[in-house]
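What follows is a single structure, written as C-alpha cells, with notes after it.
No value in this document is a laboratory result; all are computed from the given coordinates. Treat the numbers as computed from the prediction; the structure is a model and nothing was measured. Glycine gets a Cβ as well: all are built from the backbone with ideal geometry, and neighbour counts include every protein chain shown.
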Amino acid sequence: MSKRKIKQGECIFSIAAERDVPWESIWNHPGNGELKQKRKLPNVLFPGDILFVPDLEIKEEGGDSEQKHTFRKKRPKTVLRLRLIYDGEPLKETKYRLIIDGHIFRGKTDTKGKLEQVIEATAREGILSVHGDSSKHKLLFGYLDPVETTSGLQARLNNLGFDAGKVDGDWGSLTRAGMQAFQLQKDELEKSSKPNDQTRNLLSKEYGS
Amino acid sequence: MATFEHRICRSLETDDTINTLDFYPGPTFAVLELLDHKDSRYFAKYLRKKRWLEITPDSHKKEKTYYWTRPPDDQLRDFEDTVPDWFYISGHYARTAGRSGMEGAVNHHLPAGFFNEPFHKAEWKTELNVSDSRSLHLQTEILDETDAREFSAVMKKAWLRSPYGENAHKKLEPDATDKDAVIASWLNLWQNPQDDVVLGSHTYAEVRGVLTGQHWDNVKVVMLVGCNTLTWTKTVFSDVFPNALILGYVNKNPANGTPHIKAFMKNLFKGISDPRDPRLSDHEHIARAWMDVHRRQRLAKSNRMAYMTTDRKVFAFDENDNVVEAGAASDITLRFDNGTWMFSKNAFVVKGNKMVRSDD
C-alpha cells in the first residue's frame, strides 16, 4: 500500500485508472476512512489530500502450456455528465461537439439540457462547443475542488453564471459579490458576507456535486 | 470568440452527480468608435471591471483604429455579426443627405450614421461632383438661421478647411474678394432659400449600410455619443434597434464626452454589484441614470442629453430642466441653447431636386 498526495486535476477515478486498481477498492480502503468522511464524494478531492492506494493484488489463473490464452484488461471509463443551461433555461436538444484528447464526440442534449459522455478516466481537458453559441468552453476534468474550499465555491459559482472571479482560492471582493448574487437569487438563503453551510449546501445541490 | 474555463468533476454512476454549466456570460457590450477614444475606452474599461463581457471585434480594439487613418474597407463589416446587449457608437454623426429624388428622406436616409474626419473630406469631394454648380454644402448641422455669428463661424471654418469651401464662394459671387461680404450673402441665402442657389448641410456616413442593413432585435441599449444623434435620422435607429433604449443628444455633445460617461456609469451602477442585476436591463433605470447626469451632476452641455424609448418617443430637457416628451422618432428635433425647440417633420423640403430648409 502506498500513500498518495492528491494533485490538482486528480480524483479517485484517474488514480485508479493509472494504478490499475478498481476505484472502489481505493475509496473503501480502511486507510481512507477519514478522507471519505471529510470529502463525501470520491470524484471531488482537494490538492493535498492524502489517499491510501492499495497495491495490486496478484491473481493467478490456470492454463495449459503450449496453448494461447487471451486475457482482457478492463479499461476504466468514467462518465462526464453536464447540464447545460442558458440564463436559467435548459439548452434542450441542442447539438454539441466535445473534443477530448483528440477524439471528437458529437451529440445532442436531451430535453432537460443534459449531455452524457463516457470518457477516459485519465482525461484532463476537453473543449465543448454548442450549436448557437460562438464561445468555446474549456472543461478541466477533476479540477473541481470540494465546496467547503474557497476555490470549490468559486468554481461552482462561476459555472452557474455567478461571476466569482478567478478560481484561485483567495477570498476577495469578486468572490463575495458572486456569492452574494447567488444568495440574492435564492430567497431561502440568509444573506451573509462570508459563505455559511446553508449557502454551501444549496450551491452544491444546485451545481450537482 | 470568447473562451470560458469550467472546472468540473467526473460524474459518479448515480444521476445526482452532474455538472451544471450556465452558458450565459452576463451582459455583453460592443464599442464602435470612430473618432476620439477617451469616452468609449472609459466606458469599456468600466464595464469590464463590472464583469461585463466585451464582444467588440478584435479589429476595433486597437486604440487608433479610425483616428486619422482610413480603416480597411471590410473592417466595419465585423460588426454585422456582433450582437451585444449594449452597443456604444461614437464619433462624428451624420444626419441624412439630400440628393435628387430623395424627397422626404431627411429622417429616413439609410446611409446616415457615424464617420470620422478624413473620410468625411473624401465624401465632401465626391459630393461636389454631383452637386449643382451653384450649390454649397457645409460641414455643419447648425440650422439656426437667427444665429448669424455661429453661422459665420461655421462658414469660415468650412472655407478654410474644405477644398471645396476655398473656392465655393466663386460660384456664388465670382468676383467677390471680401470674405465677410461673401459670408453675409451666404447668410442671407441661408435665411431665405431660393430655388436657384442651394445651401445644404449634408454630411455622410463613413461606411454606409453597416448599421442599417439589418435589424438587431436583441440589442437592449444603444448609446449614440456624437452631436445631434437624437436630432436627425431617429427613425433609422429605431428601425435598426427596435427593442433598444437609445441614449443620445439633441444638440452638440461635449468635445470630450468622458465626464458625461463617467457620471452616467456612476449613476447606473449605484448600489449594484451583480452584473446580472435586473436594473441594468431596465430601460427606466437606465434612462434615469442618463438624465441624472444633468439633474444631479450638472455637467457642461448635459442639458442636451436625451433618450428615445422603444415606442419611438424622444425625451429631453426643456428650458426649466424638466424631462419632457420632445417629439417622436419621425420628427426633426432641434434644441437650441436658449432652451427653445423646433419640431418639424418638414424642416427641409425638396426644391428643384435639392434639399433646402423649409420656411415653416
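Summary of computed values
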item	result
In nm, spacing of pseudo-spin labels at A:Asp110 and A:Lys40 (7 Å Cα→C-beta vector)	2.3 nm
Sites matching trypsin sites (Lys or Arg not before Pro) across the stretch B:230-309 that sit in DSSP coil, with at most 12 neighbouring C-beta atoms within 10 Å	B:Lys270, B:Arg298
The stretch A:2-53 - convex hull of alpha carbons, volume per residue in Å³	64 Å³
Whole-angstrom gap from the stretch A:77-128 to the stretch A:9-60, using each part's C-alpha centre	25 Å
Where labels lie 7 Å past Cα in the beta-carbon direction, separation of B:Ala300 and A:Lys77 in nm	7.1 nm
For the stretch A:77-140: lysine pairs under 13 Å (alpha-carbon distance), excluding those fewer than 8 apart on one chain	5
Computed label-point distance, nm, for sites B:Asn218 and B:Lys313 using a 7 Å Cα→Cβ extension	3.0 nm
Neighbouring partner chain Cβ atoms per residue of A:158-167, average, 10 Å criterion	5
As computed over the stretch A:77-140, the Cα convex hull volume per residue (Å³)	79 Å³
Directionally averaged shadow of the stretch A:150-207, computed from the convex hull of its alpha-carbon atoms, nm²	3.2 nm²
Computed over the stretch A:1-129, Cα set: Rg, Dmax in Å	18.9, 65
Cα extents of the stretch A:53-167 along the three principal axes, largest first (Å)	65, 34, 24
Most mobile of A:Ser173, A:Ser135, A:Ser14 in a GNM of chain A (Cα contacts under 10 Å)	A:Ser135
Among A:Lys38, A:Lys73, A:Lys194: highest mean-square fluctuation, GNM of chain A, C-alpha pairs under 10 Å	A:Lys73
Per-residue Cβ neighbour rank within 10 angstrom, fewest leading, A:Lys3, B:Lys220	A:Lys3, B:Lys220
Choice from A:Arg72, A:Arg81, A:Arg124 showing the highest fluctuation, given a GNM over chain A with Cα pairs closer than 10 Å	A:Arg72
